[in-house]
Amino acid sequence: MHVGKDSKWMQQLVFIGPAVLIFSLVIIAPFLLGLYYSMTDWNGVSPNVNWVWFDNFKKIFMEDTDFASSFWFTTKITVTIVILTNLLGFFIAYMLVQKLKTRNMLRSIFFMPNVLGGLLLGFIWQFIFVRGFTTLGAYSDFFLFKLAWLGTEATAFWGLVIVSVWQGTGYVMVIYIAGLSNVPEDLKEAAYVDGAKRRQVLRHVILPMIMSSITVCLFWTINHTYKMYDLNYSLTNGGPFRSTESVSMNIFIEAFANNRYGLGTAKAFIFFVAVALITVVQVYLTKRREIRM
């Protein structure tokens, strides 16, 4: 049966049109509107909007030390969390693809923290750091329990790292398990027959074969951690003395607490460009190492 061009366009419009419309309203339109407001001095409330061109961007790069500090903090914690989450997630996944009787139960246990929301998770761990560790320290006299985990810049940093890694490890574990399960057994057996050790098989056979999983996990952890807000808000609220203030929190405070919406959207645009460039470079570098089957 011959189908005309108009009919094909109508079919595509019916199936793709709603998704494109929703994507445009939810993503593209707010992005363009935010780009417009980034070049104004709008306070988010007043009907008066004055065009200031690139003055907001100049102020951010030349005067706003708080934004630079929050960006540096976010970069440091992102690198730390990405490395630890992926190493720990891969190690657990590697253990749980072995023939263990309890591996299904262990997979569920390790994935469970990822189900909890960032706000709830932050408040739970805030109670653990402040109340739980203090009580344990009084009974055990162990030095780690006696630290003011949310009271200093260094300990608050590692407190956020601990909670973030604890939450995200289960998610990347599932992706790594999927990748490890698809590695052909005959390749590993052939490597062992040729005299390769377990470490050599891991490095030269398994890792190259799961590089697509590594690409996905790195992309997710970088993107997720850079945009961290809810956990940062509920656990430390940027303290002490704004030393753990993420970029997302800095943007929120600028736009909605300080009522400088134009400046806040300018920061958000800079943040978007930075994260986009970082993730594009990461995907490009890891994609090059993937093996085409």
Probe 1.4 Å, accessible area per residue of the stretch 57-288, Å²: 56
Listed residues L136, F111, V82: farthest to the positive end of the dipole of the stretch 57-288 (Cβ charges): F111
Entries of K99/K197; K58/K267; K59/K267; K76/K287 with Cα pairs more than 21 Å apart: K76/K287
Area accessible to solvent at V45, 1.4 Å probe radius, in Å²: 120
Pair M95, E189: separation of 7 Å Cα→Cβ label points (nm): 2.8
Candidates I16, I27, I124, ranked by Gaussian network fluctuation over the chain, Cα under 10 Å, top entry: I16
Spherically averaged projected area of the chain from its Cα convex hull (nm²): 24.3
Histogram of C-alpha separations across the stretch 22-154, 10 Å bin width, %: 9, 17, 26, 24, 15, 8, 1
Portion, in percent, of the accessible area of the stretch 57-288 that falls on carbon or sulfur, probe 1.4 Å: 67
Proximal charge balance of V174 [Cβ under 15 Å; K/R count +1, D/E count -1]: +2
For the stretch 182-197 and the stretch 269-285, distance of Cα centres in Å: 37
Selected from L218, L32, L119 as most flexible by GNM, with the chain as the system and alpha-carbon contacts under 10 Å: L32
Charged-residue dipole, Cβ positions (Lys, Arg, Asp, Glu), the stretch 57-288 about Cα centre, Debye nearest 20: 440
The stretch 191-256 - charge dipole about Cα centre, Lys and Arg +1 at Cβ, Asp and Glu -1, debye rounded to 20: 440
Positive dipole terminus of the stretch 135-261, leading residue within N223, I177, T155 (C-beta point charges): T155
Local electrostatic count at A266 - Lys and Arg +1, Asp and Glu -1, tallied over other residues with Cβ under 11 Å: 0
Linear extension gain, V281 paired with A154, 0.36 nm per residue minus alpha-carbon span: 42.8 nm
Cut-off 17 Å, label 7 Å out along Cα→Cβ of N48, residues of the stretch 251-293 by amide N: 259-263
N104 paired with K227, simple spin-label distance in nm, labels 7 Å along Cα-to-beta-carbon: 3.4
Residue-level accessible surface for K188, protein heavy atoms, 1.4 Å, Å²: 40
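The values are calculated or read from the model by the stated rules, or taken from the named source; none is laboratory data. Because the structure is predicted, anything quoted here is derived from the model rather than measured. All Cβ positions, glycine included, derive from the backbone under ideal geometry; neighbour counts span all protein chains shown. To get the accessible areas, we keep the full protein, side chains included, count just its heavy atoms, and leave off ligands, DNA and RNA. Shrake-Rupley method; radii C 1.70, N 1.55, O 1.52, S 1.80 Å.
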